[in-house]
Amino acid sequence: MGSLAETISDPTRRKAVVADCAVLIDSEVADKRGLSGAAIKAGYRSVKGLRPDMITRSMDHLLDDFSRQVDPFWQDCQAKGEDPRRFFVARKGEVANALLQITDDRAAKSDHKTLVRVYKGLRGKAVDHIGAAMPRFADLLAKHAG
C-alpha cells in the first residue's frame, strides 16, 4: 500500500491517471443538468475553447498536489479495509475541500483572467459538484492505486 505520490511517479502510470482524470471531468460535466449544469457546461466550453488540451495539462500540473491532499484519505481507506466508493462518498465534503484548497491557491496567483473568472463563477457550488463526482473519483483511485 504505497502513497499516491509513489503511484504517479512512474511516467507511464501518471499519463494514464491524467487521461482518466480528464475522462472523469468530461463525464461529470456531461452529466450536469438544469441551469447550474448549463453554466458549468458553458464555463467548461470556454476553458476548452481557450486551449483544447487545458484539462489534461491542468490535471498534470495539479496531480502532485492533489495526490498529497488525497493520500491521507486513501491511506485511511486502505488501512480500514473499506470500500473506496463508500469511504470517499462518506467523506466527500472533506475530500472536496482538501482539493479546492489547492485550486483556490492557484486561482489567487493566476494571471489568466478568463480562467479565474470562470473558476470564481463556479466555485460556490464546487464542493457539491466534486462531491457528486466522488464515486467516479474513488473508482479512479482504486484502479490506479489499489
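Read-outs: derived from the displayed coordinates by stated rules, not from any lab. The structure presented is a predicted model; accordingly, all values stated were derived computationally and were not measured. Glycine gets a Cβ as well: all are built from the backbone with ideal geometry, and neighbour counts include every protein chain shown.
Once the chain from ARG51 to LYS113 is taken as fully extended at 0.36 nm per residue, the excess over their C-alpha distance is 20.9 nm. Put a dot 7 Å past the Cα of ASP65, heading toward its Cβ, do the same for LEU24, and the two dots end up 1.7 nm apart. Rounded to the nearest 500 deg cm²/dmol, what is the calculated helix-only ellipticity per residue at 222 nm for the chain, with -39500 (n - 2.57) per DSSP H run of length n ≥ 4? -27500 deg cm²/dmol, from helical runs alone.
Which shape class, rounded, prolate or oblate, goes with region 55-113 when its Cα gyration tensor gives a ≥ b ≥ c as root eigenvalues, a/c under 1.5 marks rounded, and past that a/b bigger than b/c marks prolate? Verdict is prolate for region 55-113. Take the Cα of ASP83, step 7 Å toward its Cβ, do the same at LEU35, and the gap between the two points is 3.6 nm. Normalising the average separation of contacting C-alpha pairs (under 8 angstrom, six or more residues apart) by the number of residues puts the relative contact order of region 63-129 at 34 percent.
I need the phi-derived Karplus couplings for region 26-42: 6.51 cos²θ - 1.76 cosθ + 1.60, θ = phi - 60°, integer Hz, Gly and Pro marked x. Couplings: 4, 5, 5, 5, 4, 7, 5, 10, x, 5, 5, x, 5, 5, 5, 4, 5 Hz. Partner lysines whose Cα lies under 24 Å from the Cα of LYS15, excluding those fewer than 8 positions away in the same chain, are identified as LYS48, LYS143. Shape analysis of the chain based on the Cα gyration tensor places the equivalent ellipsoid semi-axes at 25, 17, 14 Å, largest first. If we count every other residue with Cβ under 13 angstrom of THR103's Cβ, Lys/Arg +1 and Asp/Glu -1, where does the sum land? That works out to +1. The GluC sites (Glu not before Pro) found in region 1-100 that occupy coil by DSSP, while having at most 14 further C-beta atoms within 10 Å, are GLU82. Checking the cross-link pairs LYS80/LYS113; LYS80/LYS120; LYS41/LYS80; LYS92/LYS113 against a 32 Å limit on the alpha carbon distance flags LYS80/LYS113; LYS80/LYS120; LYS41/LYS80 as lying beyond it. Using C-alpha pairs under 8 Å with a sequence gap of at least 6, the mean separation divided by the residue count of the chain gives a relative contact order of 33 percent.
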